[in-house]
Structure formats: structure tokens, C-alpha cells
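Following: one structure in C-alpha cells, then a few remarks.
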Amino acid sequence: METTGAYGGGKAGGVFDPQQFIQKPPVIVRAVCWLFSVIVMGCISAKGWYTKDGKELCVYNDDTNACNYGVGISVIAFLASIGFIAGEYLFEQMSSVKTRKHYVLADMGFSAAWAFLYFVGFCYLSNAWGKTESPPAGTANNMQGAIAFCFFSIFAWVACAFFAFQRFRMGADAAFAPAYEVENQVGSPGGFPTYPGAPDPMPAYSEPPFSQPQTGTNIDYTAPTY
């Protein structure tokens, strides 16, 4: 059985196994987030802009903010996904429990925030696309693809937040676990368990503490004088 360190990570200083690393669920989901961010960013950057009357406008109902929002959150998600994948590698090398806790909290907070921002982006782009009357030819697939992968990204980032929450809960449970296990000791009187620091059970005497006089022994007795 594999031993784990604080917050669900491996023991610090252990041997790095690349195959085991890429098969970890947090790494897989983070790679999916990276891929989705590339798709959203590429779809909008490639076909999301067109020129009209000398002005560069966004295909989403001529709303420049819609294209900027979709590209902006995707660029940050792209960089963050790479950073968190690198963090997964460094997580195994962190010997400080406090450092691991800070990393897990940052992962959980950022992932939850970006799941919410992608939800806002999905609603924003869907609403803008619904109001678009005559999109330029050849742009529909890209614009709809960006909306679809914004939707998929919501679940991917929620999964990242869920894995981070599991790690945080494991670390919290370990922090409040008892530092010792109560065990029954063989020599305890009555079979009751002893507590740490308790004195040793009373040893059995080889002879009774008060010996009775043996039968037939003469005892000199002198009567008191008055």
C-alpha cells in the first residue's frame, strides 16, 4: 500500500515516477483545463474579429468586451493550468505542511473562481451570439465552439476545485487526529486500558505484607506491675 504524506501528497523526498505522475486525476483534469483554454482562445482569436467601416469589431453582436472577456479568461486559465501542473510536481517535494496547506488553498480558491468566471463567460457569449443577426461567413463554427468549450471548462475547473477540497479535508482530518492510540496493556489491573503517563500497575508481592505468627511459636509475655 502506498504511503502518503500531508494533504494527500507523497512523502517528501520520494522518487519521482513520471508514469504515475501523468496518471494522477488532478494532473489529468488540469491538462484538460489547459486544452479547453487553448480551444476557446484559438476560436475567438482566429475568427472572432472582423473589420467594418474601418473598425475592428467582435463577431458576438459587435460587442468587443465579449471577445476580450473570452480571450482574457482563457489566457489566464492557460497560464494557470501550466503553473498548477508544475505545482503538482513540486507538491511532492514540499516538506513543510504549512506550504502544502497554502498551495491546496490557492488551488481550491482559484479553481472555484475560474469555474464561476467560465460560467459567466458561457452566459455572456451565449447571450451575445443569440443577438447576432448576420455573422460573417465562416465564423459560426468557431463562435459556437468557443461557447461550447466555455461550458465544458466549467466542469473541468469544478473538478479541480473538488480534488483540492479533498486534499484540504484530508489535511484537516490529519491535523485533528489523536497523536496516540489507546492500547490495552497486559499488566493493567482489571483489564482496563492505561493512559499515557500513568504509573505502572502495582506489582504482585511475593509474600503478603503482614505475615501471621506461626502456630506453636512461644511468645514471652510479662505482666505489667502496678
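Some points to look at:
- Any pair with Cβ under 9 angstrom, 6 or more apart, that starts in region 48-59 at a residue that is farther than 22 Å from S126 by Cα and ends at one that is exposed (fewer than 10 other Cβ atoms within 10 Å of the Cβ) and of a type outside the set (A, V, I, L, M, F, W, C): none
- Of all residues assigned to region 104-126, none qualifies as being part of a loop (DSSP other than H, G, I, E, B), touching a helix residue (DSSP H, G or I) at 6+ places or on another chain (Cβ under 6 Å) and among the β-branched types (V, I, T).
- Answer residue from region 117-134, given it is over 36 Å from the mean Cα position of the chain (by Cα) and of a type in the set (G, A, S) and is surrounded by the fewest Cβ atoms within 10 Å (Cβ to Cβ) among those: S134
- Some residue of region 56-65 being under 18 Å from Y118 (Cβ atoms), of a type outside the set (D, E, K, R), over 32 Å from the mean Cα position of the chain (by Cα) and part of a loop (DSSP other than H, G, I, E, B): yes
- Here M94 passes the criteria (1) at pLDDT below 95; (2) among the hydrophobic types (A, V, I, L, M, F, W, C); (3) assigned to a helix (DSSP H, G or I) except the one numbered (3).
So that you can scan it fast, the table gives a plain yes or no per residue for (1) touching a strand residue (DSSP E or B) at 6+ places or on another chain (Cβ under 6 Å); (2) charged (D, E, K, R); (3) touching a residue at least 40 places away in the same chain (Cβ under 8 Å):
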{"residue": "V71", "(1), (2), (3)": "no, no, no"}
{"residue": "V97", "(1), (2), (3)": "no, no, yes"}
{"residue": "S126", "(1), (2), (3)": "no, no, no"}
{"residue": "P136", "(1), (2), (3)": "yes, no, yes"}
{"residue": "F152", "(1), (2), (3)": "no, no, yes"}
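- In this entry, A137 passes the filter for residues that are modelled with pLDDT under 95 and either within 15 Å of the chain's Cα centre (by Cα) or surrounded by fewer than 19 Cβ atoms within 10 Å (Cβ to Cβ) (or both).
The values are calculated or read from the model by the stated rules, or taken from the named source; none is laboratory data. Bear in mind that the values here come from a model prediction, so they are computed numbers and not experimental data. As a convention, Cβ positions derive from the backbone with ideal geometry for all residues, glycine included, and neighbour counts pool all protein chains shown.
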